[in-house]
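Working notes, beginning with the structure itself.
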Amino acid sequence: MKTASTSLLDASAISLSGLCMAHCLALPLVAAFSPLLAAWAEAEWVHVAVILMAAPLSAMALWRRGQRPAVIALAVGGLSLMGLGLWPFHTHETLLTVAGSLLLACAHLVNWRRRHAH
């Protein structure tokens, strides 16, 4: 059963994943030209804020009876990788965060397509 609210949740989650990837990949390049942006690009609170928004948004969008285990696994894997990017001794923060964002976006895309197919 598809509803406007669940479609909006999936679209919002996919958009949030895109913003996360833009932050990880594009902002450091832009920050090289601006010290003010450089300080913001490296701020840990941005990463924490995105995960704190992504986890409940994903849960609301994906939580339903009969959900495919593969979709849940993609979402949990994506959120886990994003969380690992916050680990204090991380050496591959960008790789982990981008991979996690992509997995999470894929979970929402599969969920969105499945809802629109029914």
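Listed values, structure above:
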quantity	calculated
Enclosed volume per residue, in Å³, of the convex hull spanned by Cα atoms of region 4-117	99 Å³
FRET efficiency for Ala11 and Val48, using Cβ-Cβ distance with R0 set to 30 Å, rounded to 0.05	0.80
Prolate/oblate/rounded label for region 60-118 (Cα gyration tensor, a/c 1.5)	prolate
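Every read-out reported here was derived from the displayed coordinates using simple, explicitly stated rules and does not represent laboratory data. Values in this document were obtained by computation on a predicted structure and should not be read as measured data. All Cβ positions, glycine included, derive from the backbone under ideal geometry; neighbour counts span all protein chains shown.
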